[in-house]
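Here the structure comes first, spelled out in structure tokens, and everything after it is commentary.
The values are calculated or read from the model by the stated rules, or taken from the named source; none is laboratory data. The model shown is predicted, which means the values in this text are computed figures rather than measured ones. All Cβ positions, even for glycine, are placed from backbone atoms using ideal geometry, and neighbour counts span all protein chains on display. Quick note on the areas: whole protein, heavy atoms, side chains included, nothing else; ligands and nucleic acids left out. Shrake-Rupley method; radii C 1.70, N 1.55, O 1.52, S 1.80 Å.
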Amino acid sequence: MDDFLWSALETPAIQAFDHQNTFLDSNPYKLSFIRGMEFRTESNQLDPDRQDYALRLNPANPWEIKRNNQYFQTYQEVSQLDRQRELKKVLKAHYEAIIDWAYLKEQKNIKEEEQKIAQTQIKILEAQRFSNFFDANDYVELKIDQLEQVVALEELYFEEDAQRNKIESLYPSAKNQIIAWTLNELISIEKIQSVIEDPQMVSAYGEVAYRQKQVELAESEWALEKSNINIGYLQAQYQQYRVDQDRSPWSIGLGVTIPIFNPNKGDMTKRKLEMIEAEGNLADAQNEQQTGLELMKQKIKTLTTRYYNFQIQLDSLNVDLLSSNLQQMTNSNPMTVVKLKSSLIKSKSISALMKKEIYLAYMEYLWHAEMLQQQPLKNYLTPD
């Protein structure tokens, strides 16, 4: 089970985020202190003997360099949080695949047991053909039930094959391996109740943190657009004809941009709109996490109460004692005991379905609590 869960780290989507992070670690986004370099020439008075040459350097805006670094550092943090979001999705799919498989195995075992009981009932009736206990209508109904159980079992086999294909698509190494996950080896219902009541089982790092960082990224992009202004130039000029005039052919020019007019207003407006949208997404994420936690906690409590009440009702029937008493009666029809066992099997099916729903709600709770993807990774389905 652990191998299957941790294989989520090897999915292409997660690997892509890891490659991005490795690339950004090398700081490929750092700007040069020189924004541009130009070689310039002009014909002075259209005289071929008076050709001027110049080399112009455009220094980078120091505020732009700083804000560019801040933007990509924030972008890397956003990427790492986005990786956690993707890992959470993949892990949830793995957890749900385990639960579905364990439930299918339980249902298949129950159907096989039902089939055996039906065969026993038919054998008993066939042995009672010449007694007062024999009922032809019961015999026909049992034969029909037996056929329906065969069909239901085959449907479960088809579902099991489909579920196995899903597991193998998530974890190719599962091919040709025995998958032995069962409901009995998963975390107990009692332990789930203690988990959802633990305040430490709610993390601040997840969707909310990602949305918060998205707001910071939008602010960084807005600041970068604001500083994306050419601050001026430094130019060295050479004029050959001045040599003939016994003057120095070299001259230095300097230009400084006066930021009265902002050419980036349109882009800055777009970034401002992105900031507003990011703030709205943050508020939605905060509300969704809190609401989701409360809803899932209440759902688990409701399902658990129903599960325990169902078990209490079954225990109150004391089926084992009743079955023993029926067997001791001399005039008892053996079919009655078998029918009792058949009813008990059906109750096992309902109990397994309740457990499945509790486990799925438990995964939803951990999803909203942002615990599935937290490091170090833990298997939240094991009893310990």
**Prompt:** Does segment 183-204 contain any residue that is loosely packed, with under 12 Cβ neighbours inside 10 Å, in contact (Cβ under 8 Å) with a residue 24 or more places away in the chain and under 30 Å from N309 (Cα atoms)?
**Reply:** yes
**Message:** Considering only residues that are farther than 15 Å from H94 by Cβ, open to solvent by less than 10 Å² (accessible area, probe 1.4 Å) and in a helix (DSSP H, G or I), which ones fall in segment 358-376?
**Reply:** I358, A361, Y365
**Message:** Here's a check for you: in segment 139-172, which residue that is among the polar types (S, T, N, Q) and open to solvent by 60 Å² or more (accessible area, probe 1.4 Å) is nearest to L91 (Cα to Cα)?
**Reply:** S169
**Message:** Step by step: first the residues of segment 92-138, then only those that are among the aromatic types (F, W, Y) and at pLDDT below 80, then the one that is least open to solvent (accessible area, probe 1.4 Å). Which residue is that?
**Reply:** F134
**Message:** Test of understanding: among L125, L55, L81, L142, which residue is of a type in the set (A, V, I, L, M) and outside any helix (DSSP H, G or I)?
**Reply:** L55
**Prompt:** For segment 241-280, what are the residues that are in contact (Cβ under 8 Å) with a residue 24 or more places away in the chain, touching a strand residue (DSSP E or B) at 6+ places or on another chain (Cβ under 7 Å) and either open to solvent by 80 Å² or more (accessible area, probe 1.4 Å) or of a type in the set (A, V, I, L, M) (or both)?
**Reply:** V256
**Message:** Residue under question is R35, and the condition is that it be more than 30 Å from K346 (Cα to Cα) and out of contact with any Pro (no Cβ under 8 Å at 6 or more places or on another chain); does it hold?
**Reply:** no
**Request:** For N379, state whether it is of a type outside the set (K, R), within 30 Å of Q107 (Cα to Cα), at pLDDT 90 or above and not in a helix (DSSP H, G or I).
**Result:** yes
**Item:** Selection status of T74, out of contact with any Gly (no Cβ under 9 Å at 6 or more places or on another chain), among the hydroxyl-bearing types (S, T, Y) and in a helix (DSSP H, G or I)
**Value:** yes
**Fill in**
Within segment 4-43, residues surrounded by 12 or more Cβ atoms within 10 Å (Cβ to Cβ), touching a residue at least 60 places away in the same chain (Cβ under 8 Å) and in a strand (DSSP E or B) come out as R35
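Matching residues to (1) assigned to a helix (DSSP H, G or I); (2) under 30 Å from D49 (Cα atoms); (3) of a type in the set (G, A, S); (4) at pLDDT below 90:
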{"residue": "K226", "(1), (2), (3), (4)": "yes, no, no, yes"}
{"residue": "P263", "(1), (2), (3), (4)": "no, no, no, yes"}
{"residue": "R271", "(1), (2), (3), (4)": "yes, no, no, yes"}
{"residue": "E279", "(1), (2), (3), (4)": "yes, no, no, no"}
**Prompt:** Just wondering, is there one or more residues in segment 44-60 that are in contact with a helix residue (DSSP H, G or I) (Cβ under 7 Å, 6 or more places away or on another chain), of a type in the set (S, T, Y) and surrounded by fewer than 16 Cβ atoms within 10 Å (Cβ to Cβ)?
**Reply:** no
**Message:** Tell me yes or no: at least one residue of segment 3-26 is touching a strand residue (DSSP E or B) at 6+ places or on another chain (Cβ under 7 Å) and at pLDDT below 95.
**Reply:** no
